[in-house]
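The values are calculated or read from the model by the stated rules, or taken from the named source; none is laboratory data. Predicted model, so just to flag it, every value in this text is computed and none were measured. Heads up, the Cβs are rebuilt from the backbone with ideal geometry, glycines too, and the neighbour counts pull from every protein chain shown. These area figures cover heavy atoms from the full protein model, side chains too; ligands, DNA and RNA do not enter into them. Shrake-Rupley method; radii C 1.70, N 1.55, O 1.52, S 1.80 Å.
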Amino acid sequence: MTDADQHTPDPPTGPRQRALATAVTDIERHVAGLGWDAPVMVLALVRTAAALDANPDLAEELPAEAVAAAEQDAEHLTSI
């Protein structure tokens with residue numbers, strides 16, 4: 001194995017990159033828990049703050065952590 005094979009990606013630097021990395025990690029955790037035999041899923045990512053602005057009632061359906069994160073970070077993403 002060469003040094004190139006062991007390269008660790010640089011951590012995300014911008015707010016959008018961090019939001020995307022966090023969303024992908026959360027999705028992977030959820031999907032991994034479903035097992036290999038789970039049906040195919042199609043997900044979309046939306047900015048949580050924008051979704052809440054468009055539909056304030058959505059706050060009742062989202063985890064409290066997601067609503068709080070959207071209040072602090074306009075780039076926070078929610079998968080739907």
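Observations on the model:
- This model, with +1 at the C-beta of Lys and Arg and -1 at the C-beta of Asp and Glu, gives segment 9-57 a dipole about its Cα centre of some 160 debye.
- Computed from backbone phi, the HN-Hα couplings of segment 35-52 come to x, 5, 8, 5, x, 5, 10, 10, 10, 10, 10, 10, 5, 4, 4, 5, 5, 5 Hz, rounded to whole numbers (Karplus: 6.51 cos²θ - 1.76 cosθ + 1.60, θ = phi - 60°; Gly and Pro given as x).
- Sum of -39500 (n - 2.57) over DSSP H runs of 4+, divided by residues of the chain (222 nm, nearest 500): -13000 deg cm²/dmol
- Exposure ranking of V24, V67 by accessible area [1.4 Å probe, largest first]: V24, V67
- In Hz, Karplus ³J(HN,Hα) per residue of segment 11-24 (6.51, -1.76, 1.60; θ = phi - 60°; x = Gly, Pro): x, x, 9, x, x, 5, 5, 5, 4, 5, 4, 5, 5, 5
- When a 1.4 Å probe is rolled over the protein heavy atoms, the share of accessible surface on the chain that falls to carbon and sulfur comes to 56 percent.
- Solvent exposure of the chain, expressed per residue, is 80 Å² of accessible area, with all protein chains present and a 1.4 angstrom probe.
- What the phi angles of segment 70-78 give under the Karplus curve with 6.51, -1.76 and 1.60, with θ = phi - 60°, is a coupling list of 5, 5, 9, 9, 5, 8, 3, 10, 10 Hz, glycine and proline written as x.
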